Amino acid sequence: MKKYIIIISLLLLVVMMSQQAFAVSEAAVLFLMISPGARAAGMGEAFVAVADDASAVYWNPAGLAYQQKREITFMHVNWLSGLTDDLFYEFLAYRMSIEGVGTIGFNVIFLDLGEQQGMDEQGNETTKFSSNEYAISASYGATVTDNLAMGVSLRYIRSNLSQSGAGAEKGSGQASAFAFDIGLLYKFPFLREKLTFGMNISNMGPKIAYIDAAQADPLPTNLKAGFAFRLINQKYNKLTIAADINKLLVTPHGDKPADPFYQALITSWYDEPFDREMDKITQSIGLEYVYNNLIGLRGGYYHDKEGKVKYLTFGAGIKYHLYSFDFGYVSASEGHPLANTMRFSLSFGF
């Protein structure tokens, strides 16, 4: 097997372990499924109907529509620290409101996969090289009515798994792709806008090919939907509960080509028995308490029945003037790759 195919397989295994057993064999560039934002992480990744900070460019671009002024947020994670010490995930986002137009946002996601040992077809070690993947996105959100907002993101994706191919095989361990997201956010007026519904379909686009078009893999098109309810919304005390579901909208392909993304939006719901499809839906629930817009305490629960993964999350944040610092922690069982994962985010507005 060619060296870059070995690398791809290993990296897919790593991301499979990190992504709560989404159907990873069905899609490529799974680093796009790593959830950014320490605040959202502390809430069990239930954030699509909240999406009220700069990280909305990932969670739900429609959430940008209700945000004013400017904000920058940055997150750093030592990814899968229990398995290796050279995987790093970085997330940078910026949003800016434009009067009469809406709110625009930009973000960069970078996953440093560390140094890899090259292998030839005989299994002998060759030169070492570095691997990484990144995505650059531009987002836009605007209100359609007083209670409904829509958003869209355009994304360039680059995967650098190896520097070159081997033997007579075409292509290399490098590939590029383009994708887009569509999101909406609705505030229910009869509940004084305390209840919101959010939905985002992300990473829709043509397949990505490392070798040739005949062996291209689909992008991890994903449906995220959920509700957020502000139980308490007072001057000094705010309490929000949120719940999300996720489903990967990709068809298993095995020996046959996977459906194009526009077909998989439908076929991914019935290509396997109904109960199996329902088991693939992951659920998360989160709570956030904020005192005086200064201190935030968070907790959450994540459950993936198909992957047999469930864990609690915790988080906290502190805000001073225009600056805020957030922390998120995953309390997974011992031996799970995400156990004791800590996310740190720093944001400031202006």
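A DSSP coil position with no more than 12 other Cβ atoms inside 10 Å describes the following chymotrypsin sites (Phe, Trp or Tyr not before Pro) in the range 156-249: 236. Taking a straight line from the alpha carbon of residue 235, these lysines sit under 16 Å away, with near neighbours fewer than eight places off in the same chain left out: 194, 319. Note on residue 98 and residue 143: their simple-model spin labels are 1.9 nm apart, each label 7 Å out from Cα toward Cβ. One decimal place: the segment residue 241-residue 263 gains 4.5 nm when fully extended, by the rule 0.36 nm per residue minus the C-alpha distance.
Each of the peptides 37-43, 268-274, 311-317, 85-91 was scored by the mean count of other Cβ atoms within 10 Å over its residues; in descending order, highest first, they stand as 37-43, 311-317, 85-91, 268-274. Of all lysines in the structure, the ones whose alpha carbon falls short of 18 Å from that of residue 187, not counting any fewer than 8 places away in one chain, are 224, 238. Between beta-carbons, use under 10 Å as the cut-off and find the net charge around residue 27, counting Lys and Arg +1, Asp and Glu -1. It works out to a net charge of -1. Does anything in the range 268-310 have its amide N under 16 Å from the 7 Å Cα→Cβ label point of residue 339, and if so which residues? So the set is 309-310. Within the same chain, aspartates and glutamates fewer than 8 places from residue 305 are excluded, and of the rest, those with a Cα less than 15 Å from its Cα are 244, 275, 277, 279. Binning all Cα-Cα separations of the range 198-254 at 5 Å, short to long from zero, yields these whole-percent fractions: 4, 15, 16, 14, 11, 10, 9, 6, 5, 5, 3, 1.
Each reported figure results from applying straightforward, stated rules to the coordinates on display, with no laboratory input. Because the structure is a prediction, the values reported are computed rather than measured. Ideal geometry is used to build each Cβ from the backbone, glycine not excepted, and the neighbour counts take in all protein chains shown.
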